Amino acid sequence: MALSLSLWPSPLFGLLHVEAAAVVATAGFFIAGVSAIGAFRRGGDLPSVLLGHIALLAFPLLLLSATLLWRANCGYFVGLGLFLLFVVPSVIFAVAVGFALTGGSIRTPRLWFCAIGLLIATIPVAVDLLFHPQLYTYNHVFGGVLGPIYDEELAIRSGLFAFRGLTLLWAVWFIGLGRWLRCRNTASGQRTRLVRSGAALAVVIALIYAFAVPLGINTSAGQLERVLSEQRDLGQFVIHYQPGSFTEDELAWIEDEHRYRYARLREQLGVDVNDTIHTYLYPDPETRAALIGSRTTSVTPVWLGTPQIHMLAERFSAEHFGHELAHVFAREFGMPVIRASTAVGLVEGLAVAVEPPDGLPAPRYQVAATLGMANDELGRLDAGPADAIVQSMSPFGFWSGRGAVSYATSGAFAGFLLERFGADMLRRAYRTGDFEEAYAKPLTELAATWEDEIRGLEPDEEAQAIASWRFSQPSLFERYCPHHVPAEVHLTRLAIEATDAGEADEALRLYHEALTDNPEYAPALAGWTRLLIGGGLDTVLAEERLESAIANETEMVGEPDPLLVGSSADAYNSMGDTTRAQTMYAMALGLLPPFAREAKAQLILRSTLSIVGLRAVFSLGDAISRAELLQSLATNEPVLWFFAAGNLSFAGDAAGALNAFQQLPTAENMTALDDGQLEIVESNRLALLAHYADRAGEYAAAYQYAADASRAYREQHETGPAQLMDDLAAKAWWYLDRTE
């Protein structure tokens, strides 16, 4: 009871869900076991003791349920199931072990029980994570860890149920052992029956461990390679993927990214990776969750003997891959066994510092932007950057903070150390976690020097916008309804997948269900409106819903979602009401943040389209059929080449996308646009040409387009996208230099 009450103040642990279930299971195991030993030594019988301890679980269940009175728990029934699955078997197992320990002549059964419990709680976890490529672990004491904390949706796998069944089998075995120890002086027939039943049960338990991989209790490298059965062997890398996941263009680009990013990191960090690196690219979140317990979060389990990276295929990008590959390099100078650093902020900070640019302002400018903000919702940055860095170096300090704050501040700090002092000192600090030994200065002094440098920077409007949004996002420990994905979000994701597959009727059905759950959910309203436009259907009802959602959101938060406003503009455009459409397009453009460049360019170009052209952009069917339709109409509306290229790129035809995009008129030839719109469209045109040329392996063209895009962005004082183009140009030059 006291434990449950102590959990109440925590937003994460004070509600009935997986974290609270694991804490109660752990406490329940040790409390029940120690208490049961006392009861058995006083002559208590097994059924009474066991049922008594199970009955006592009603108190933590009721107390954790009581928090529903003042704190929402959107996943209460999932939490209830996990409580029963985690806590009840652990308590039964504890009583069974206590029963066995009190059946013999052990003098200190409580001490033995605690020692056994600690071993069971730790050694199997180490075995699971050190010898299997998985991010989950199941445990007889605390129930289990289902996956990484950054996954918004839990992966509840079949192996969890199999494992908790195994816990109960162990409990039955220990009860049998306790009975055997208690009947040593009785008839041999009863003892023989107990031995036989115990041996049979031991065989069943052994078989479960032998088939742990098929049952989902563990994941093996062989299992991964059976599912991701296609391979590309690059010598330094082996890329594993599912057949049909990529086109040849996409595979060629992925291979090139592997080669270039490896060379770049070797130069930056001054080390080589002394083993073959395995990259596992999963076709979808469900397959990934079933295999390793993580749906979306890219991970590099550095503690495993073989360097490896695990990513969703759709999330493979220069930035994400470069970040994970940095972890692979860092394992070369990490601590023994764990191959990481005890200074947790350096683990992620180093990867952020050397990852490729993402088109946004660098982390140091984002951190600098917070210094001038009158905002008390910035997590640990409220106390100042130096203090945030000191806290981020401890495991609890890093993981309990807001993700964006921890990653950006530690990334900016690691970048400062790398630029100011070089890779040798950073590698030394990483290995030992001792900054004073590596730099002859304590961490507090280094952090203060870094903060002084940060205070000397002048962040632009874009850095302020992205920092204000990113750093105000709550952490898992602050989040409303953690681990819960609302029905409208899940249904909208399925609708988008159906739309991409050309299944319009299914997509419409799913959008209808999503809007039934939440009539004003912006992505569902936008997707539904686009399907209506693409199908040539009446959009009056969609416009009425959009108008209502825009009015409600304006009243609630002061301004509407630009996605709603842009969709409203598209609806008016499709109805031929060009005056209202242009007004809404202009409003949506003004609402988009500075860093939403491609969204701005798309909005501007959609505002120039005829009804026929707009319907073609949102036409039903798969990406290839949409691209073919757009190309056939582009003679009369050349702007449609922009959207045709996007569809071809989505379909994996990089060369086709490049060829289509090269047909797009330059901004100077788009007479309907004003000067500000021309700047946005032209810089975005050059950047996309560079990206498409890079994806197609046309490195001479990629270099030229990237250089031109970088100049255009710098003329507009946009350093974030300029650095992205500089990185792409450097990659193109590296390949051009290799072929000369």
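The values are calculated or read from the model by the stated rules, or taken from the named source; none is laboratory data. From a predicted model like this one, the values you see are computed outputs, not experimental measurements. Glycine gets a Cβ as well: all are built from the backbone with ideal geometry, and neighbour counts include every protein chain shown.
List of remarks:
- Scan of region 549-586 for residues that are aliphatic (A, V, I, L, M), in contact with a helix residue (DSSP H, G or I) (Cβ under 8 Å, 6 or more places away or on another chain) and without any contact (Cβ under 8 Å) to a residue 24 or more places away in the chain, ordered by number: ILE550, MET584
- Test: ALA467 is over 23 Å from PRO148 (Cα atoms) and touching a Lys or Arg at 6+ places or on another chain (Cβ under 6 Å): no
- Test: residue in region 554-562 that is within 21 Å of ILE604 (Cα to Cα), in a helix (DSSP H, G or I) and at pLDDT 90 or above: yes
- Helices (runs of 4 or more DSSP H) within region 423-542 that include 1 or more residues outside the structural domain of ASP358 (by TED's automatic domain parsing) and not small (Gly, Ala, Ser): 487-500, 504-517, 522-534
- Scope region 511-530; condition among the hydrophobic types (A, V, I, L, M, F, W, C) and in contact with a Phe, Trp or Tyr (Cβ under 7 Å, 6 or more places away or on another chain); matching residues: ALA514, LEU515, ALA524, TRP528
- Residues in region 700-725 that are of a type in the set (Asp, Glu), surrounded by 18 or more Cβ atoms within 10 Å (Cβ to Cβ) and in a helix (DSSP H, G or I): 1 in all.
- A single member of ARG420, ARG479, ARG493, ARG431 is of a type in the set (Lys, Arg) and touching a Gly at 6+ places or on another chain (Cβ under 8 Å), and it is ARG431.
- Among the conditions (1) within 14 Å of PHE30 (Cα to Cα); (2) without any contact (Cβ under 8 Å) to a residue 24 or more places away in the chain; (3) not in a helix (DSSP H, G or I), the only one that VAL141 does not satisfy is (2).
- Within region 83-124, if we keep just the residues that are under 21 Å from LEU57 (Cβ atoms) and among the β-branched types (Val, Ile, Thr), the residue that is surrounded by the fewest Cβ atoms within 10 Å (Cβ to Cβ) turns out to be ILE120.
- Condition check for LEU350: within 17 Å of GLU419 (Cβ to Cβ), hydrophobic (A, V, I, L, M, F, W, C) and not assigned by TED's automatic domain parsing to the domain that holds PRO721: yes
- Counting the residues of region 125-167 that are surrounded by fewer than 16 Cβ atoms within 10 Å (Cβ to Cβ) and either touching a helix residue (DSSP H, G or I) at 6+ places or on another chain (Cβ under 7 Å) or under 18 Å from LEU215 (Cβ atoms) (or both) gives 6.
- Looking only at residues of region 531-565 that are β-branched (Val, Ile, Thr) and surrounded by fewer than 18 Cβ atoms within 10 Å (Cβ to Cβ), we find that the one that is nearest to ALA501 (Cα to Cα) is VAL540.
- Within region 138-184, the set of residues being at pLDDT below 95 and polar (S, T, N, Q) comprises just one member, SER158.
- Top-ranked residue in region 281-322 [being under 15 Å from GLU257 (Cβ atoms) and in contact (Cβ under 8 Å) with a residue 40 or more places away in the chain; ranked as surrounded by the fewest Cβ atoms within 10 Å (Cβ to Cβ)]: ALA313
- Test for GLY244: is it without any contact (Cβ under 8 Å) to a residue 40 or more places away in the chain and within 13 Å of ALA313 (Cβ to Cβ): yes
- Any chance ALA660 is of a type in the set (A, V, I, L, M, F, W, C), assigned by TED's automatic domain parsing to the domain that holds ILE611, modelled with pLDDT of 95 or more and under 30 Å from ALA501 (Cα atoms): no
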